[in-house]
Amino acid sequence: TSEAIFDVLYLPEIQGRRCWGSPFGWLVTYALDFETRLFDPFSRTKIPLPSLNTIAEEEDCSLGELFMYSLRKLILCTSPEESDCIVLANTSDGWFFAKPSDEAWTLIGLSDHNDLDDAIYFKGNFYGCLHTGEIVLCEATHPKVVEFAPPPPDLRYFYPGIIIKYLFGLGGNLCIACRHVDTYYGAVGFVIFKLDMDTKSWEKIYSLGDRTLFLGNCSTFAIAAADYPGCKPNCIYFSDDSPLLGPTTRLDKNSQKEIVIFVSE
């Protein structure tokens, strides 16, 4: 039998900061001091990112408003130790990118009141999921946002109400998990689709097989359950993403978000 190994890290460097995870072991953090940085929780290495003044000026809002309401997610494309590292900022009004060495954020495109529910770096590109379920390609080299794929079929018809969408990779496929919530943002159920990148068509997934899905605004990813003792296969572990609790995880000694398990059948 394998023994579970746990380690508790005390990280005062991120206390009171909003945090987003990444597949590379780094966190992207932002605090009320308006300082945005990349942070390795194991080596304690910190890499500064450009000031968010650029984004606040573009959106005509204060930095405090940007912190509390507008900034949805910061996403890494690769390890900050790589020269081609790019960070994508998803806000309520648009999408921006920057490299750690940049002095300012560059506007990719404005949302035109069609917000991104989520975004992901997948197979060399940034992809976003609009509130409508449509997938867009966010190009950083020649900053622009282009249509890529239609929304999953009849999503709104079959799943009326509030639907929160999350992008993740599974078995080499770009997938979307649609979380159906009630008026109090309690999860009612989930439906998952995978996208054929060539035909731009969707196929519904009825089982995760031996995989476990971790789902939330902070980060969404799938793992092989057998590699992590205690994880249940074919299950979804999800956090409470109610806007009443803030748009993403903010770490302080009094804050805690609920983690719930949903069994896919």
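Taken together, the values in this text are just the output of simple stated rules run on the coordinates, not laboratory data. Small disclaimer: the values here were computed from a predicted structure and weren't measured. Neighbour counts run over all protein chains shown; Cβ positions are idealised from the backbone, glycine included.
Run the simple label-point estimate for residue 45 and residue 204 please: 7 Å along Cα→C-beta, distance reported in nm.
A separation of 4.6 nm, rounded to one decimal place.
Beyond 24 Å between alpha-carbons counts as too far, so tell me which of 144/200; 165/204; 123/232; 46/144; 73/99; 46/165 fall in that bin. The partial results should precede the final answer.
On the way: 144/200 20 Å; 165/204 14 Å; 123/232 27 Å; 46/144 30 Å; 73/99 16 Å; 46/165 31 Å.
As for pairs spanning more than 24 Å Cα to Cα, those are 123/232; 46/144; 46/165.
On a full-extension model of 0.36 nm per residue, what is the gain between residue 83 and residue 24, subtracting their alpha-carbon distance, rounded to one decimal in nm?
Gain on stretching residue 83 to residue 24: 19.8 nm.
Mind giving me the nanometre distance, one decimal, between the label points for residue 13 and residue 237, set 7 Å out from Cα along Cα→Cβ?
Distance between the two pseudo-spin positions: 2.3 nm.
Would you kindly state how much longer the chain becomes between residue 141 and residue 104 on full extension, computed as 0.36 nm times their sequence separation minus their alpha carbon distance, in nm to one decimal? Write down the numbers at each step before the final one.
Details: separation 37, 0.36 × 37 = 13.32 nm, distance 1.54 nm.
Here the answer is 11.8 nm.
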